[in-house]
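**Q** Got a structure for you, written out below as structure tokens; questions coming shortly.
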């Protein structure tokens, strides 16, 4: 279960109840993990899954050699034409679903092997979950979606799906 709240601020009985249908909370930042009671929680880390947690500054500035490729891709995107970002609503819903469906097709996998269903469910329930969803356009054509939740203390959970043709 993706925790869209600070785990350490939530009573353990509610966390146990929330996990009834799930195996674990994931992803969890190191800061949140450090605040949890080790006698109640155990954890393990899979380095292959660490690509879900980034400092926000990475997405604001793309500084440094390690992020050069991403910075170049972002610059190419902005140079490709007129870019626009709109909130997901009844008018943009078809475009949001178009991005998600195209992403699934380009993955070359069946739906159960990707995050498609989880993304769709999160998008369908974004307002109830306190999340914001946006669709990105370049030259009037949809190119991506971003779904996010402000976790407070300068942290935000973001689920991007970007497609550039």
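**Q** Would you confirm whether or not the stretch 40-51 contains a residue that is surrounded by 13 or more Cβ atoms within 10 Å (Cβ to Cβ) and touching a strand residue (DSSP E or B) at 6+ places or on another chain (Cβ under 9 Å)? Break it down stepwise before answering.
**A** Taking the stretch 40-51 as the starting set, the residues that turn out to be surrounded by 13 or more Cβ atoms within 10 Å (Cβ to Cβ) are 41.
Restricting the remaining residues to those that are touching a strand residue (DSSP E or B) at 6+ places or on another chain (Cβ under 9 Å) gives none.
Checked the stretch 40-51: no residue is surrounded by 13 or more Cβ atoms within 10 Å (Cβ to Cβ) and touching a strand residue (DSSP E or B) at 6+ places or on another chain (Cβ under 9 Å).
**Q** Residues in the stretch 77-85: is at least one over 13 Å from residue 141 (Cβ atoms) and at pLDDT 90 or above? Walk me through how you get there before you give the answer.
**A** First pass over the stretch 77-85, keeping only residues over 13 Å from residue 141 (Cβ atoms): 78-79, 85.
Right, trim to at pLDDT 90 or above and you get 79, 85.
Checked the stretch 77-85: at least one residue is over 13 Å from residue 141 (Cβ atoms) and at pLDDT 90 or above.
**Q** Working only within the stretch 103-122, note down all residues that are buried (at least 16 other Cβ atoms within 10 Å of the Cβ) and touching a helix residue (DSSP H, G or I) at 6+ places or on another chain (Cβ under 8 Å).
**A** Listed by number, the residues that qualify are 103, 104, 116, 119, 120.
**Q** Exactly one condition in (1) under 17 Å from the mean Cα position of the chain (by Cα); (2) outside the structural domain of residue 140 (by TED's automatic domain parsing) is false for residue 87; which is it?
**A** Status for residue 87: all satisfied but (2).
**Q** Would you kindly identify the strands (runs of 3 or more DSSP E) lying entirely within the stretch 74-155 that contain at least 2 residues that are in contact with a strand residue (DSSP E or B) (Cβ under 7 Å, 6 or more places away or on another chain) and free of Cβ contacts under 8 Å to residues at least 40 places away in the same chain?
**A** On the way: elements: 83-87, 132-138, 141-152.
In the stretch 74-155, 141-152 are the strands (runs of 3 or more DSSP E) which contain 2 or more residues that are in contact with a strand residue (DSSP E or B) (Cβ under 7 Å, 6 or more places away or on another chain) and free of Cβ contacts under 8 Å to residues at least 40 places away in the same chain.
**Q** Looking at the stretch 33-60, which of its residues are assigned to a helix (DSSP H, G or I) and at pLDDT 80 or above?
**A** So the first thing to find is which residues in the stretch 33-60 are assigned to a helix (DSSP H, G or I), and the list is 33-34, 47-52, 56-60.
Within the stretch 33-60, 33, 34 meet the criteria.
**Q** Still on this structure: Of the residues 100, 147, which is more than 20 Å from residue 5 (Cα to Cα), surrounded by 11 or more Cβ atoms within 10 Å (Cβ to Cβ), touching a helix residue (DSSP H, G or I) at 6+ places or on another chain (Cβ under 8 Å) and outside the structural domain of residue 4 (by TED's automatic domain parsing)?
**A** Numbers: 147 fails: more than 20 Å from residue 5 (Cα to Cα).
Selected residue: 100, the only one of 100, 147 that is more than 20 Å from residue 5 (Cα to Cα), surrounded by 11 or more Cβ atoms within 10 Å (Cβ to Cβ), touching a helix residue (DSSP H, G or I) at 6+ places or on another chain (Cβ under 8 Å) and outside the structural domain of residue 4 (by TED's automatic domain parsing).
The values are calculated or read from the model by the stated rules, or taken from the named source; none is laboratory data. Keep in mind the model is a prediction, meaning the values are calculated, not measured. FYI the Cβ positions are ideal-geometry reconstructions off the backbone, even for glycines, and counts take in every protein chain you see.
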